[in-house]
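Just below is one structure, and these are the notes that go with it.
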Amino acid sequence: MHRPNAGEVWLVDTGYKGKTRPAVVISRKPGPGDRVIYTIVIHTTRVTGSQYEVAHTNQLVKSPGNTGVFNAQGIMSVAPGDFIKKISSLNQTDFDNVISSVRRWLDL
C-alpha cells in the first residue's frame, strides 16, 4: 500500500474514462483512526488560462513541448490503492502556489 506525502507527484488512477494522470498530494498522511484517503490536485496538459491553473517548474511532470498545469479546480480524494507510481516532488514554491490556488478556489 502506498503512503504518499504532501508535495509528492504521483501517477494516479482517477477512476474515470480509464485515465491515469499525474497529481500532487495536498493532504497530510492520515493518522490512527482517520479514514485512509488522500486529497490530490490533478495535472492537465489542457491549459485554458483559468486563474486556478498553476504552472510549475518540475520537468518530470511536463509533457514534451507542453508545460501543463495543476488544476486547482481538479481536487479529489483517492484511496492508497489508486496511486500507481511516484513521479517526483514539487519544490516548495510550486507546492505553495498550488495550495494558494486551492484556497482561492475554495474561498478559504
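Quick notes on this structure:
Residue by residue, here is whether (1) outside any strand (DSSP E or B); (2) at pLDDT below 90 holds:
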site: 5; (1), (2): yes, no
site: 28; (1), (2): yes, no
site: 33; (1), (2): yes, no
site: 36; (1), (2): yes, no
site: 40; (1), (2): no, no
site: 50; (1), (2): yes, no
site: 58; (1), (2): yes, yes
site: 70; (1), (2): no, no
site: 77; (1), (2): no, no
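- Unique match (being within 9 Å of the chain's Cα centre (by Cα) and polar (S, T, N, Q)) among 20, 39: 39
- Yes/no for residue 30 being surrounded by 12 or more Cβ atoms within 10 Å (Cβ to Cβ) and free of Cβ contacts under 8 Å to residues at least 12 places away in the same chain: yes
- When the test is whether a residue is part of a strand (DSSP E or B) and within 13 Å of the chain's Cα centre (by Cα), residue 99 does not pass it.
The values are calculated or read from the model by the stated rules, or taken from the named source; none is laboratory data. Note that this is a predicted model, so its numbers are computed, not measured. All Cβ positions, even for glycine, are placed from backbone atoms using ideal geometry, and neighbour counts span all protein chains on display.
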